[in-house]
Amino acid sequence: MKDDEQDLYFVEGIAVPQTPLPGEEPANWGKTAVIGRRQTRVDAYERVSGTAVYPSDVVLPNMLYGALLRCPHAHARVKKVDASAAERMEGVQAVLTGASLGRQVKWPYNEEVATDLFDDRCRFEGEAVAAVAAATPYVARDALREIKVEYEVLPFVADERRSLATGAARIHGAGNRLKADSYKRGDVARGFAEADIVLEEQYRTACEIQAPMELHGCVANWEGDSLTVWESTQGVYAVQAKIADILGLPLSRVRVIGHYMGGGFGSKLQPGKYTVCAALLAKKTGRPVKIFLSREETLLAAGNRPPATMTIKAGVKKDGTLTALQFTGLASSGAYPAGGISLLDWLVRDLYLCANVQSELTDVAINAGPARPFRAPGHPQCAWALEQMMDALAEAAGLDPIDLRLKNIPLVSQGREGAPPYTTTGLAECIRQGAEAFGWREARRRTAAGRKEQGHLRRGVGMGSCLWVVGGGGPPSTVIVKLFADGSVNLNMGASDIGTGTKTVMAMVLAEELGVRPASIQIEHADTGSTQYATPSGGSKTVPTESPAVRSAAIAVKQQLLQMAAGELGSPVENLRYGGEYIEAVDSGKKVKVTGIAALKKQGVVVGIGYRGPNPEGKVVNPFAAQFCEVEVNTRTGEVRIMRFLGAHESGRVMDRLTFDNQVFGGITMGIGLAMTETRILDENRTGKMVNCNWHDYKLPTALDVPTDMVSLPVELRDSEANSTGAKGLGEPVTIPTAAAIANAIYDAVGVRVRQSPADPLTMKRLLAEEAPEVRS
Amino acid sequence: MTVHFSYVRPASLQDAVSQLGSDNALIHAGGTDLLGCLRDEVFPAEKLVSISGLPELRGISKTTDNGLRIGALTTIAEVAAHPLIRESYAALAQGAAAVASPQLRNQGTLGGNLCQKPRCWYYRGEFHCLRKGGNYCYAVNGENQYHCILGGKNCFIVHPSDTAPALLAFGAVLRITGPRGSRSVTLADFHVLPERDVTRETVLEAGEIVTEILLPPASAAMRSSYRKVRARQAWDFALAGVALALELEGGRVRRSRVVLSGAAPIPWRAVEVEKIITGSALESEVIHEAAVAAMTKARPLGKNGYKIPLFQGMLAEELEKMRQVS
């Protein structure tokens, strides 16, 4: 199949999959013509050329620009807001303050906690205090400076480890403890008694910020009583629901559109206060209002991966059998409950076979922006602790780290009630195949030999493995496929393509089933007004959720076409084969062109509706992975260079090898950020303000921080049970074990445990001086 | 709110100098630092005087005494790539190549790099710090992991330039033009320690423009290098850096200049190192002694103690490399 060919159909010598009779389940795909190939993005040209209209590109006639005034203090009470000077400014069309809104508009921080949209208590730096709409973005920003706010600055707490200390500033009336969770199976005391080796260690991952390329924001426009919002979001229906709820509107009066979006990583699963402000300002002025945040605002107030302090105590027998895992996690949602401890212990519960597991989790408040889901919530933090502990246990037991892991591979999800089996469990295969492709054992021998030499550049290799708690997708999803009279195809789905290639993968599914070229398919998506309900693109579930629904819609189209052709060909439906361009009767050998079917010509279109069926009863669909890396540590400077990486990922069927590899490389890159460079730094002693609140000091990894030698190794176990396409999620597992693998490689190189991220020269030089004086310069 | 703001692009140096005579008038060269500071309201500006219309401030050429003249408007990328600089002043080429990112190196100028404002996040952020006319330095008991360990007093910034250490090691002289004519200032006298004046980074007076940077001729025995350790491999300032300019003869160091970046509020000459290595062969014991001596006067703050072993380790590594090329 060549992309540059203009034909509607492609002919590969691989038959289009058999069309099941109505009511029958489709068979698993055998050899595929399109699925599994390296397919260039169907919207690559639009994205690269700039013709793709992202929400930040949207400009409407008479549009105003809004901006939010934000609290500059970590913790303060708003005593007075005087917006009169701003209101008088030329070009300013509307100002909203707490006083002007009264108590009528509430902002729900979660299901239980709501505050006024502009609350007089600001519990974090960057909390919204007022909003303006003006003729230009510059006037809007100038107007913010003219709003005089009198604050009473309150004591703050900036570090989750101090939140519960006596004398710590009280953030909420009920105290700083936001949530607790615990888990227990077996008896850890017995497990530790059975162990030959017991280790205990504390780890911490720093707060990391999603920092997507496109900023958070929207354009809001009213037509009568109906609101349309163009939002940079991962889920238009999720935004619709929250906005309708806050503004007290029926869902049918809120239309949310998000065709393109420049990344979210979990921080755009919901609207922001800016969305509500844009809608209110648009209502007040009768003009469209656009609000896009500044980079600084997104760093302060648009989500983060919560900082987590974790202790693991683990017991293992000499033969490598894990006997007990005890986990304590203290994390902070920020100023409001926001999933601070969400899934923080999941890998401890579920990744390795262990009869005795206990965990205690505590979510505490600090005066900082609330967390939002961040690519695999809880998992990379837990992996940082657990995978380093596994490494330490292996060393103590005299085992290779991969042998210790292979000794403890579960076939059932122990962390779930009733310990249901996984449909496939690729953990062992990821470790084995990954180690083989990486040259693990040879590399370990090489680095062990290198440690005996005296040089200050030390090589080390490390690995980490993981699963991801979900990733199987599931209902609901409804997809509509239209085949027009000329045979060309339109795909209508509600799901967002958050940059992962969802549109491309879905076009490939249609292409596989209908025999048309992926690039020829028109796609409408992510619009609550014109596409079908979909859950947000998050949780690595979009492909396993949507692709079976797309397949089912394509099959519905084929079934109708076969029905139409049956009369013309004089054969019963069960004797007909849909072949893309033609439908053929296998009994008579007669053929009819699909576009020649009289009923299609008359009807103009065939509409197929597909639904996502249920997941297999009593089974768990999870992706698995193992990642391997090699580092070079300069013991004199503490610099760590990542030399190479390999990601072995079992995520079911590889749908598009190109997007698959993109995910693996992107996930590793993000994991390198967690391990090496990223950390939110709050001025903990004096102001509580974020000192590295800018694009330079908050250090995302650059191209030079990522190795050129990165290998994506799909471990493609056929999963016939998961769903009708066999796909499982990939976008999150790709970043879970990365940081831990780097920490383990650093340990292999220099014998120093990086318990706290990031492993930058600041941390490394301190650790090398403290813990490995023999390798000092 | 009304902001008085104007932007001019004079066609002569004289005009530029007179345009700079008004209040809060600032020079706009590459703008990579200035525009960020204006956006973040680090200091006020009522007039920007662009010097981009002054071609005489560009270019690299040999001087009559076989030294080098680099126009202040020459971009960092040009400095990094220039054959004469790569050949005879390697530390400067390496320092320039270590600046920021390719985009910024293409836009930023050598003069601007020497005159840039500190990167202290309190100075750049919403903190009314001493350097901005406030009452105290937030870094003293604050987040001072990137701050200075040498030369700090009242204020604990580090000088952000990667080109200044090399230029100082080579004994560069700056030509400056101002309302009272032209003058020359050695780079060693150009930057200002906070103990002298906490509100300024250079000796430039109002209306003065750095026009060119002059380098003395490079001796054939000169070996130089610049090394930068940073938390991120692009677009990041030095946690620790060192420019070495050594004249080697018969395996011994005849003359040496060792200048640190990331250490102090100004490019910092490590005279303790120079004393130990000058006249010596770069044996391991000498290197070790020199590396330790470099930090004897260091006074770390709460969170930057790592810089001491870091500088020692980096110096040892760089001096060993120098031994290998000598």
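The values are calculated or read from the model by the stated rules, or taken from the named source; none is laboratory data. These figures come from a predicted structure and were not determined experimentally. Glycine also receives a Cβ, built like all others from the backbone with ideal geometry; neighbour counts cover every protein chain displayed. We work out accessible area using only protein heavy atoms, side chains counted, and drop any ligands, DNA or RNA first. Shrake-Rupley method; radii C 1.70, N 1.55, O 1.52, S 1.80 Å.
Structure values in brief
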| item | result |
| --- | --- |
| Selected residue (only one of A:SER712, A:SER720, A:SER724 is in a strand (DSSP E or B) and among the small types (Gly, Ala, Ser)) | A:SER712 |
| Every pair of residues 6+ apart whose Cβ atoms lie under 7 Å, when the first sits in the stretch A:604-628 and is in contact (Cβ under 8 Å) with a residue 60 or more places away in the chain while the second is of a type in the set (Asp, Glu) and open to solvent by less than 30 Å² (accessible area, probe 1.4 Å) | A:PRO623/A:GLU650; A:PHE624/A:GLU650; A:ALA625/A:GLU650 |
| Residue match in the stretch B:238-245 (condition: open to solvent by 10 Å² or more (accessible area, probe 1.4 Å), in the same structural domain as B:ALA293 (by TED's automatic domain parsing) and of a type outside the set (Val, Ile, Thr)) | yes |
| Qualifying residue in the stretch A:731-745 (condition: away from every other protein chain (no Cβ under 14 Å) and over 24 Å from A:LEU343 (Cβ atoms)) | yes |
| So A:THR275, is it assigned to a helix (DSSP H, G or I) and touching a His at 6+ places or on another chain (Cβ under 7 Å) | no |
| Count of residues meeting criterion [open to solvent by 10 Å² or more (accessible area, probe 1.4 Å), under 19 Å from A:ALA33 (Cβ atoms), in a strand (DSSP E or B) and not aromatic (Phe, Trp, Tyr)] in the stretch A:578-595 | 1 |
| Members of the stretch A:90-116 found to be surrounded by 21 or more Cβ atoms within 10 Å (Cβ to Cβ) and either closer than 25 Å to A:ALA158 by Cβ or of a type in the set (A, V, I, L, M, F, W, C) (or both), listed by number | A:VAL92, A:ALA94, A:VAL95, A:LEU96 |
| Matching residues in the stretch A:624-639 - criterion: being of a type in the set (Gly, Ala, Ser) and either touching a Lys or Arg at 6+ places or on another chain (Cβ under 6 Å) or at pLDDT below 95 (or both) | A:GLY638 |
| Single condition A:VAL48 does not satisfy, out of (1) touching a Cys at 6+ places or on another chain (Cβ under 8 Å); (2) without any contact (Cβ under 8 Å) to a residue 40 or more places away in the chain; (3) of a type in the set (Val, Ile, Thr) | (1) |
| Only one of A:PHE624, A:PHE628 that is open to solvent by less than 10 Å² (accessible area, probe 1.4 Å), in contact with a Cys (Cβ under 6 Å, 6 or more places away or on another chain) and more than 12 Å from chain B (Cβ to nearest Cβ) | A:PHE624 |
| Any hit, the stretch A:490-499, residues being closer than 18 Å to A:THR545 by Cβ, out of contact with any strand residue (DSSP E or B) (no Cβ under 8 Å at 6 or more places or on another chain) and crowded, with 24+ Cβ neighbours inside 10 Å | yes |
| Residue match in the stretch A:373-381 (condition: surrounded by 19 or more Cβ atoms within 10 Å (Cβ to Cβ) and among the small types (Gly, Ala, Ser)) | yes |
| Tally of residues being at the interface with chain B (Cβ under 8 Å from one of its Cβ atoms) and under 21 Å from the mean Cα position of the chain (by Cα) across the stretch A:677-697 | 1 |
| Which numbered condition A:VAL59 misses (of (1) among the aliphatic types (A, V, I, L, M); (2) part of a loop (DSSP other than H, G, I, E, B); (3) open to solvent by 30 Å² or more (accessible area, probe 1.4 Å); (4) closer than 30 Å to A:ALA511 by Cβ) | (4) |
| Residue match in the stretch A:277-297 (condition: surrounded by fewer than 24 Cβ atoms within 10 Å (Cβ to Cβ), of a type in the set (Asp, Glu) and within 30 Å of A:PRO758 (Cβ to Cβ)) | yes |
| Close pairs (7 angstrom Cβ cut-off, 6 or more residues apart or separate chains): at pLDDT 95 or above in the stretch A:318-331, of a type in the set (Asp, Glu) and part of a strand (DSSP E or B) anywhere | A:THR328/A:GLU360; A:ALA331/A:ASP363 |
| Candidates A:LEU700, A:LEU713, A:LEU717 - the one that is open to solvent by 30 Å² or more (accessible area, probe 1.4 Å), within 14 Å of chain B (Cβ to nearest Cβ) and more than 25 Å from A:ALA769 (Cβ to Cβ) | A:LEU700 |
| B:ARG39 of a type in the set (D, E, K, R) and either open to solvent by less than 70 Å² (accessible area, probe 1.4 Å) or not assigned by TED's automatic domain parsing to the domain that holds B:THR211 (or both) | yes |
| From A:LEU154, A:LEU144, residue being open to solvent by less than 40 Å² (accessible area, probe 1.4 Å), within 30 Å of A:ARG88 (Cα to Cα) and out of contact with any helix residue (DSSP H, G or I) (no Cβ under 6 Å at 6 or more places or on another chain) | A:LEU144 |
| Count - residues of the stretch A:549-577 that are part of a strand (DSSP E or B) and open to solvent by 10 Å² or more (accessible area, probe 1.4 Å) | 1 |
| Any hit, the stretch B:289-300, residues being in contact with a helix residue (DSSP H, G or I) (Cβ under 7 Å, 6 or more places away or on another chain), more than 14 Å from every other protein chain (Cβ to nearest Cβ) and open to solvent by less than 20 Å² (accessible area, probe 1.4 Å) | no |
| Criterion (touching a residue at least 12 places away in the same chain (Cβ under 8 Å), in a loop (DSSP other than H, G, I, E, B) and on the phi > 0 side of the Ramachandran plot) met by exactly one of A:GLY13, A:GLY36 | A:GLY36 |
| A:LEU344 vs. criteria without any contact (Cβ under 8 Å) to a residue 60 or more places away in the chain and not β-branched (Val, Ile, Thr) | yes |
| Unique residue being closer than 30 Å to B:LYS132 by Cα, under 16 Å from the mean Cα position of the chain (by Cα) and among the aliphatic types (A, V, I, L, M) when the list is B:LEU244, B:LEU260, B:LEU214 | B:LEU260 |
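Table: residues versus (1) without any contact (Cβ under 8 Å) to a residue 24 or more places away in the chain; (2) under 30 Å from A:VAL621 (Cβ atoms); (3) assigned by TED's automatic domain parsing to the domain that holds A:GLU512; (4) in contact with a Lys or Arg (Cβ under 9 Å, 6 or more places away or on another chain).
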site: A:GLY539; (1), (2), (3), (4): no, yes, yes, no
site: A:PRO548; (1), (2), (3), (4): no, yes, yes, yes
site: A:ALA553; (1), (2), (3), (4): no, yes, yes, no
site: A:ALA556; (1), (2), (3), (4): no, yes, yes, no
site: A:TYR582; (1), (2), (3), (4): yes, no, yes, yes
